[in-house]
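**Q** Okay, handing you the structure first.
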Amino acid sequence: MMKRVLGMALALTMLAASASAAVFTDAPGTPTQDRAVSLTAVWQDEQQTAYDLKDMPADQLTMNTATDVYDFVYEQGNRPVRWYPEDTQKAIEAMVSVNPDVLYMTEFMRLHAAGAEATSELDATMTLKIDYQPGQLTVVVLGDTSDPENIVWTPVESQVTETGVVTFQIPAELMNQLQGEDLLFSQLTVRQGSHGTTTVVTTEVPSVLPSKQAEDTTRIVDTTGEDGTAKPHDFELEIVPETSLIQRELELLGQYVTEQQQPALSWLPEEDQNRVRYLLGTDGNDLIVSDYVPLISKDFRPTDGDAVGSLSFATPYQEGQTIVTALGLPKEDSSTSDSSESQMDWIVQPATVRANGVVDVVFDQLALIDMDTETGLLLMLSVPTAEE
């Protein structure tokens, strides 16, 4: 069954696909764990002693907590700051000079603090692939996970010291609580430039198109600020023709599943397989590739955070059907040679099927940046229905 459906998907997918909306989420849809370019830390003692603070791959607690944030903010329509406990909210409000409800959450990852007695404040410096600007307001909120059922969240001072570089200071008392433990790192910030916090709406819902050659697009039709003022149309997701690299990737994936009889999930690196398992709570071995979409982004501003694209397909997805997506982007050394291995780096992204069969896909902000110069391959991984 899995082989038959995958073969049909790779041969016939995108015979009809369209998109109806794209919105910024104000919360990370996927934890950006181990996505920092670098992370260093030093004690504020006379010797500026180095300290081992590491970013770590997501575990089940990280994924569950990030999903809870996403549901609270995007699904329920709350502001990110209101997700934290009330005492944490008050502490954040005391730290900033703006209404905390204008803050949105852009980073969420797992860190590990080495065991060491704290004798002074710790200064940490994180370099990210996001163009945070010097002087941009940020608040880092750290979660003590020593009791996973009752995570304690503490905001700490942070600054953007140069483009993409965020520094934050952890008091000695807090470090003594965190040392030797995993901690969750979250970051709140404000959007820069003319946008403010945005709400994106569409003026039309495209009908399902007869073929992928019909130049189907996912697009932001109208962007408005909190005051209702229209903003420029400056961010677009567009479905485009397959590149030769994507054609080769799909050919290899088809051979892997049909000829080698391997689960589609195992085409992804082990770390990404684990992210799928964390999101779904299953081993994922019954997932099939039910659709694929070649996509590019246009004029996405790096600091605007994750976005949600709503796509409709010929595949009759059912509300509540188990589905997740994997977005592939060409590796730096990718080629269309005879290599039998994937030539893409993958990002696992959540997805939700709505009542009308439309699929809301969370697009990671780092992927949206890269898709401005490279064509991405979005795989729809779903549990087949009885009809399939």
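**Q** What number comes out for accessible area per residue over region 41-144 if the probe is 1.4 Å? Units Å², please.
**A** Accessible surface, normalised per residue, equals 44 Å².
**Q** How big is region 347-388 on each of its three principal axes, counting only the C-alpha atoms and giving the largest first in Å?
**A** Principal extents (largest minus smallest coordinate, Cα): 39, 19, 14 Å.
**Q** Right, another one. Pairs Lys54/Lys331; Lys90/Lys129; Lys298/Lys331: which exceed 23 Å Cα-Cα?
**A** Lys54/Lys331; Lys90/Lys129
**Q** From the C-alpha coordinates alone, can you work out the Kirkwood hydrodynamic radius of region 39-146, in Å?
**A** 16.1 Å
**Q** Can you give the accessible area per residue of region 246-388, in Å², using a 1.4 Å probe?
**A** Using a 1.4 Å probe on heavy atoms only, each residue of region 246-388 averages 38 Å².
**Q** Subtract the Cα-Cα distance of Asp333 and Glu86 from 0.36 nm times their separation in residues, and report this length gain in nm to one decimal.
**A** 84.1 nm
**Q** Shape call for region 261-388 from the C-alpha gyration tensor, a ≥ b ≥ c root eigenvalues: rounded (a/c under 1.5), prolate (a/b greater than b/c) or oblate?
**A** oblate
**Q** If you average 1/r over all unlike Cα pairs in region 92-161 and invert the result, what Kirkwood radius do you get in angstrom?
**A** Answer for region 92-161: a Kirkwood hydrodynamic radius of 14.4 Å.
**Q** Pull out a ≥ b ≥ c, the square roots of the eigenvalues of the alpha-carbon gyration tensor of region 257-315, then state rounded if a/c is under 1.5, prolate if not and a/b is larger than b/c, and oblate in the remaining case.
**A** Prolate, since a/c reaches 1.5 and a/b exceeds b/c.
**Q** How big is the Rg/Rh ratio for region 57-98, C-alpha atoms only, Rh by Kirkwood, two decimals?
**A** 1.07
**Q** Now, a different point. For the ranges 243-253, 122-132, what's the packing order if you count other beta-carbon atoms within 10 Å of each residue, average per peptide, and put the highest first?
**A** By packing density, highest mean first, the sequence is 122-132, 243-253.
**Q** Right, something else. Which percent of the accessible heavy-atom area of region 55-147 goes to carbon and sulfur, probe 1.4 angstrom?
**A** 45 percent
The values are calculated or read from the model by the stated rules, or taken from the named source; none is laboratory data. Please read all numbers here as calculations on a predicted model, not as lab measurements. Glycine gets a Cβ as well: all are built from the backbone with ideal geometry, and neighbour counts include every protein chain shown. When the accessible area is computed, the model is the full protein with side chains, heavy atoms only, and any ligands, DNA or RNA have been set aside. Shrake-Rupley method; radii C 1.70, N 1.55, O 1.52, S 1.80 Å.
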